[in-house]
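S.K.: Before I ask anything, let me first share the structure, which is written out below as structure tokens.
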Amino acid sequence: MERAEAYGFSGAMSGAFLLSCLLFAAVSRRQRGPYMDEVFHVPQAQAYCHGRFLCAQGTAPAGRLRNAVCVALQWDPMITTLPGLYLLSVGVVKPAAWLLGWTGSVVCSVGMLRFINLLFSAGNFYLLYLLLFKIHQKNKAVSGFQRILSALTLAMFPTLYFFTFLYYTDPGSVFFTLFSYLMCLYGNHKTSALLGFCGFMFRQTNIVWTVFCAGNVVAEKLNEAWKIELQKKKDEKISSRKGSFSDLTRILQFLVKYLLSPKNLVTLTALTWPYIILVSLFFVFVFINGGIVVGDRSSHEACLHFPQLFYFLSFTAFFSFPHLLTRTKIRKFLLSLRKHPVQYSLIAVISLFLIWKFTYVHKYLLADNRHYTFYVWRKVFQRHELVKYLLVPFYIFAGWSFADTLKSKSVFWILMYFVCLLAVTVPQKLLEFRYFILPFLVYRLNIPFLSLYRQLLELAFYILVNAVTFYLFLNRTFQWENSDEVQRFMW
């Protein structure tokens with residue numbers, strides 16, 4: 001990092017942290033007590049703060065991990081994630097309280113626990129910058145200012161940034177996953193797997209991003225072997241970057257042949273064994289626990305909810321419109337549509353079938369009017385039974401544009417990312433924008449840089465969305481008929 005870039009980054013990070021502190025103070029003044037899921041998270045963290053936890057065999061209630069796992073004596077059954085957030089909070093707050101002489105209710109108060117996520121937010125800013133630097137280091141046309149601007153934009157990503165100010169698992173989950181990804185890119189795979197374990201302790205589905213890190217290593221080896229294969233055949237018509245449907249068939253044949261070779265499998269195992277161990281431990285956890293969820297399973301049932309992929313593509317098109325919605329891309333899409341009408345017709349038919357047979361509506365989506373998803377579903381999808389089918393052309397364009405922006409990556413990386421995207425979205429019954437944060441960030445980190453104008457447009461859009469969200473949360477409160485508590489709009 002050059003000196004000017006270092007100064008610029010320090011200034012941007014300091015300014016962003018100062019702004020976050022001001023917003024943090026405003027949120028803490030208006031909402032002093034726990035809100036939404038904080039009602040479960042805050043008391044649990046405070047129980048840990050007061051030492052009410054025990055490591056013993058057989059202390060957990062039925063349906064939870066029973067063997068040699070730290071289980072709180074006071075555990076809320078509505079909590080569905082592992083206690084990574086609470087353990088880390090105690091590890092940060094307790095030493096700070098001892099050093100600064102804090103006592104009484106200030107230790108592990110709601111504000112103190114929320115401040116943990118403010119620290120995670122600063123860490124995410126730094127990690128995003130480092131990841132952008134590492135992933136695009138070969139692109140000499142990208143200036144330091146563009147990297148800083150892009151990191152700032154992603155750090156302000158509305159769905160993630162909002163939860164900086166509440167005691168949720170999202171900022172910490174993103175922090176450890178991004179850190180694991182960074183270490184993977186630098187070849188520190190044991191450290192990456194360890195950080196992946198930390199991410200898993202924040203949210204179990206983060207195991208998918210451990211697989212993603214292992215997939216990065218595998219994709220790199222596959223791409224090297226594929227280039228050698230092309231050189232041997234002296235076939236210049238097939239590209240290791242992108243190609244037609246027939247090219248994809250030949251690539252899949254090569255993939256099967258490569259992975260069936262014992263020698264290649266030994267090589268890949270030697271490179272990815274830290275991730276293999278962690279994934280194996282995950283399956284042991286699932287077997288002993290009887291499922292991936294550790295708490296209220298009735299509201300978190302896994303299913304094949306294929307339209308989640310379409311919702312994610314729409315979400316990505318909305319937040320990445322400077323990248324995805326351009327005249328050039330629309331023109332290219334129409335040209336592709338004209339060249340391959342049969343393929344697109346088949347994709348449309350499959351999409352219609354998946355929407356028809358695999359659309360699920362979670363009870364939370366219909367009942368909780370504090371979330372954006374409630375209004376999206378009511379204002380768009382519930383207007384008419386046919387609306388969900390009429391959106392298929394937009395889904396196809398969003399999917400094509402999404403894939404087109406990733407064409408600089410190898411086809412094996414794209415296949416690996418797509419598998420992880422399916423694994424992290426499709427099993428979710430609830431339409432919840434927070435589930436899209438990590439797949440979106442990984443996507444956004446790996447696409448090429450845009451012009452400075454479009455980067456500024458993206459940042460301005462994020463700031464606008466954040467401003468509207470915080471305004472609604474802080475000022476447009478309301479009450480339910482059967483409750484005296486103040487309700488607030490949020491993601």
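The values are calculated or read from the model by the stated rules, or taken from the named source; none is laboratory data. Remember, it's a predicted structure, so these values are computed and weren't measured experimentally. In this analysis, Cβ positions are derived from the backbone assuming ideal geometry, glycine residues included, and neighbour counts consider all displayed protein chains. For the accessible areas, the whole protein counts, side chains as well, though only heavy atoms, and no ligand, DNA or RNA atoms are used. Shrake-Rupley method; radii C 1.70, N 1.55, O 1.52, S 1.80 Å.
S.K.: Please work out which one of (1) of a type outside the set (Phe, Trp, Tyr); (2) modelled with pLDDT of 90 or more; (3) outside any helix (DSSP H, G or I); (4) open to solvent by 50 Å² or more (accessible area, probe 1.4 Å) is the condition residue 29 fails and give its number.
M.R.: If we test residue 29 against (1) of a type outside the set (Phe, Trp, Tyr); (2) modelled with pLDDT of 90 or more; (3) outside any helix (DSSP H, G or I); (4) open to solvent by 50 Å² or more (accessible area, probe 1.4 Å), just (3) comes out false.
S.K.: Filter segment 44-55 for residues that are surrounded by 14 or more Cβ atoms within 10 Å (Cβ to Cβ) and of a type outside the set (Phe, Trp, Tyr) and give the result. Show your work before the answer.
M.R.: First, the residues of segment 44-55 that are surrounded by 14 or more Cβ atoms within 10 Å (Cβ to Cβ): 44-49, 53.
Within segment 44-55, 44, 45, 46, 47, 49 meet the criteria.
S.K.: Now, a different point. Is it fair to say residue 479 is open to solvent by less than 40 Å² (accessible area, probe 1.4 Å), more than 19 Å from the chain's Cα centre (by Cα) and either at pLDDT 90 or above or not aliphatic (A, V, I, L, M) (or both)?
M.R.: On the way: open to solvent by less than 40 Å² (accessible area, probe 1.4 Å): no; more than 19 Å from the chain's Cα centre (by Cα): yes; either at pLDDT 90 or above or not aliphatic (A, V, I, L, M) (or both): yes.
Spelling it out, it is not the case that residue 479 is open to solvent by less than 40 Å² (accessible area, probe 1.4 Å), more than 19 Å from the chain's Cα centre (by Cα) and either at pLDDT 90 or above or not aliphatic (A, V, I, L, M) (or both).
S.K.: Can you tell which of 402, 394 is closer than 30 Å to residue 367 by Cβ and not in a loop (DSSP other than H, G, I, E, B)? First the steps, then the outcome.
M.R.: Numbers: 402 fails: closer than 30 Å to residue 367 by Cβ.
Matching residue, one of 402, 394: 394.
S.K.: Residue 435 passes all but one of (1) open to solvent by 20 Å² or more (accessible area, probe 1.4 Å); (2) more than 28 Å from residue 209 (Cα to Cα); (3) of a type in the set (Ser, Thr, Tyr); which number fails?
M.R.: Going through the list (1) open to solvent by 20 Å² or more (accessible area, probe 1.4 Å); (2) more than 28 Å from residue 209 (Cα to Cα); (3) of a type in the set (Ser, Thr, Tyr), residue 435 breaks only (2).
S.K.: What's the total number of residues in segment 1-25 that are modelled with pLDDT of 90 or more and surrounded by 14 or more Cβ atoms within 10 Å (Cβ to Cβ)?
M.R.: Residues in segment 1-25 being modelled with pLDDT of 90 or more and surrounded by 14 or more Cβ atoms within 10 Å (Cβ to Cβ): 9 in total.
S.K.: Within the set of pairs 6+ apart or on separate chains, which have a first residue in segment 188-201 that is in a helix (DSSP H, G or I), a second that is surrounded by fewer than 20 Cβ atoms within 10 Å (Cβ to Cβ), and C-beta atoms under 6 Å apart?
M.R.: 191/183; 192/183
S.K.: A further question on this structure: I need every pair where a residue in segment 445-468 that is open to solvent by 60 Å² or more (accessible area, probe 1.4 Å) has its Cβ under 9 Å from the Cβ of a residue that is in a helix (DSSP H, G or I) and hydrophobic (A, V, I, L, M, F, W, C), sequence separation at least 6 or different chains.
M.R.: Pairs that qualify, where the first residue is open to solvent by 60 Å² or more (accessible area, probe 1.4 Å) and the partner is in a helix (DSSP H, G or I) and hydrophobic (A, V, I, L, M, F, W, C), are 452/145; 452/149; 456/149.
S.K.: Let me ask another. Test residue 274 against the stated conditions and say whether it is modelled with pLDDT of 95 or more and not aliphatic (A, V, I, L, M). Lay out the reasoning, then the answer.
M.R.: Details: modelled with pLDDT of 95 or more: yes; not aliphatic (A, V, I, L, M): yes.
Judged against the criteria, residue 274 is a match.
S.K.: Suppose the filter is modelled with pLDDT under 90 and surrounded by fewer than 12 Cβ atoms within 10 Å (Cβ to Cβ); does residue 260 pass it?
M.R.: Values: modelled with pLDDT under 90: yes; surrounded by fewer than 12 Cβ atoms within 10 Å (Cβ to Cβ): yes.
Yes, satisfied.
For every residue, the table says whether it meets (1) open to solvent by 80 Å² or more (accessible area, probe 1.4 Å); (2) within 24 Å of residue 154 (Cα to Cα).
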| site | (1), (2) |
| --- | --- |
| 300 | no, no |
| 307 | no, no |
| 319 | no, yes |
| 325 | no, yes |
| 335 | no, no |
| 350 | yes, no |
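S.K.: Considering only segment 82-172, give the helices (runs of 4 or more DSSP H) lying wholly within it that have at least 3 residues that are at pLDDT below 95. It would help to see each step written out before you state the result.
M.R.: Details: elements: 84-100, 110-135, 144-155, 158-161.
Passing ranges, in order: 84-100, 110-135, 144-155.
S.K.: Check off (1) modelled with pLDDT under 90; (2) assigned to a helix (DSSP H, G or I); (3) within 18 Å of residue 204 (Cα to Cα) for residue 77 and give me the number that stays unchecked.
M.R.: (2)
S.K.: When segment 373-390 is examined, which residues are found to be touching a residue at least 60 places away in the same chain (Cβ under 8 Å) and open to solvent by 40 Å² or more (accessible area, probe 1.4 Å)?
M.R.: Taking segment 373-390 as the starting set, the residues that turn out to be touching a residue at least 60 places away in the same chain (Cβ under 8 Å) are 373, 388.
Residue satisfying the conditions is 388 alone.
Here's the yes/no breakdown for (1) closer than 23 Å to residue 26 by Cβ; (2) touching a residue at least 40 places away in the same chain (Cβ under 8 Å); (3) open to solvent by less than 10 Å² (accessible area, probe 1.4 Å); (4) among the basic types (Lys, Arg):
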{"residue": "144", "(1), (2), (3), (4)": "no, yes, no, no"}
{"residue": "148", "(1), (2), (3), (4)": "no, yes, no, no"}
{"residue": "156", "(1), (2), (3), (4)": "yes, yes, no, no"}
{"residue": "166", "(1), (2), (3), (4)": "yes, yes, yes, no"}
{"residue": "177", "(1), (2), (3), (4)": "no, yes, no, no"}
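S.K.: Anything in segment 32-42 that is surrounded by fewer than 18 Cβ atoms within 10 Å (Cβ to Cβ) and part of a helix (DSSP H, G or I)? List them, or say none.
M.R.: Passing the criteria: only 39.
S.K.: Further question: At least 1 residues that are modelled with pLDDT under 90 and on the phi < 0 side of the Ramachandran plot in each: list the helices (runs of 4 or more DSSP H) lying fully within segment 281-359 that qualify.
M.R.: Numbers: elements: 307-319, 321-324, 327-339, 341-358.
So the answer is 321-324, 327-339.
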